[in-house]
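To keep things clear, I will list the structure first and then write my remarks on it.
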């Protein structure tokens, strides 16, 4: 019993080559033997004290339940949960249809709750942002902290961060955009939009920001009091252009660029006549900020996640209505769209809210941070794009926030609450 429990813990951690079939077999055995062991242990104690043979029976009982307790601790540490029976039962309902695509390599604890993560294009640095309005720059190879940078305005938590294409600078912001030098952490620029008054409390939040692939502009979306997208030139930090969406349209997802640098893409929610969100994808011209076209009716409710494939052909979207919408079963999976034609390419199964999406570099897999609210756990989901199937789920503590794939496509960084988790992508590199 102890041996197969240990193997179960190792299999669940994703650190071994145990197949999903063996993993399911171990889980079923565990659920079968756990209540039997409880009943057997209670009967041993009752019989031992009734017959006066406790000196021979109790040691065996202690040994058995000591092994069970040890496994419980190992299982709890590995899976990030206290209720191992519930965890085992819930894991059985998960969709294990293939080999593990991602394997946990390392985790680094953080004193702050991490909300956003980004990987530099040279692969040497990882940046995180979180609740304490602090930016942390990590060494990607050693996972040691290089710099911790403070924002200059006390406001809500930071959930946006981006590296410049040459990996020299990192940018983030609450209401004011700060640009730091990666090597020494020195502040290089402070960008204040025309509608932002630094010394006055305002309901303005930076929703997303991203450098263009050629590094010539930094595009920032501002939300709440005023919805506006502003592009700053990186040579002098002056405004290149701005875009204001039509009335009652709100930025909802991170913005992305097409790899050819021609278009800016972002997910929005437009309040319709019935006060329900009309979700769509906006496509703008990178050079001028001019509206080009949109992909409409992408979901039932507002989009919460968006990612673009490395070849720039597909864009993936997810929403927070993953389980129910207005009391009925949700028909709102993760969807893949053709950027040029606007046609729906694929639907990927999901039964809960999606917080973040990221394509593998080879375009074969889509990674998603799902929020299983009834388990209050992060689910790192892996979909096979060709088959449209969910092939792996990895559960962890805390709610999901952000994902980032390394430039070489071999690693995946996940913002897991008070942990920064690094996974190895082992298939199809």
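Values for this structure:
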{"item": "Which listed residue, of 170, 117, is more than 22 Å from residue 424 (Cα to Cα), assigned to a strand (DSSP E or B) and in the same structural domain as residue 211 (by TED's automatic domain parsing)", "result": "170"}
{"item": "Residue in the range 206-229 that is part of a strand (DSSP E or B), in the same structural domain as residue 282 (by TED's automatic domain parsing) and either surrounded by fewer than 18 Cβ atoms within 10 Å (Cβ to Cβ) or free of Cβ contacts under 8 Å to residues at least 24 places away in the same chain (or both) present", "result": "yes"}
{"item": "Number of positions in the range 352-375 that are more than 15 Å from residue 303 (Cα to Cα) and either without any contact (Cβ under 8 Å) to a residue 24 or more places away in the chain or not in a strand (DSSP E or B) (or both)", "result": "9"}
{"item": "Qualifying residue in the range 192-199 (condition: buried (at least 17 other Cβ atoms within 10 Å of the Cβ) and either under 28 Å from residue 113 (Cβ atoms) or more than 22 Å from the chain's Cα centre (by Cα) (or both))", "result": "yes"}
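The values are calculated or read from the model by the stated rules, or taken from the named source; none is laboratory data. From a predicted model like this one, the values you see are computed outputs, not experimental measurements. So basically every Cβ, Gly included, is an ideal-geometry build from the backbone, and we count neighbours across all protein chains shown.
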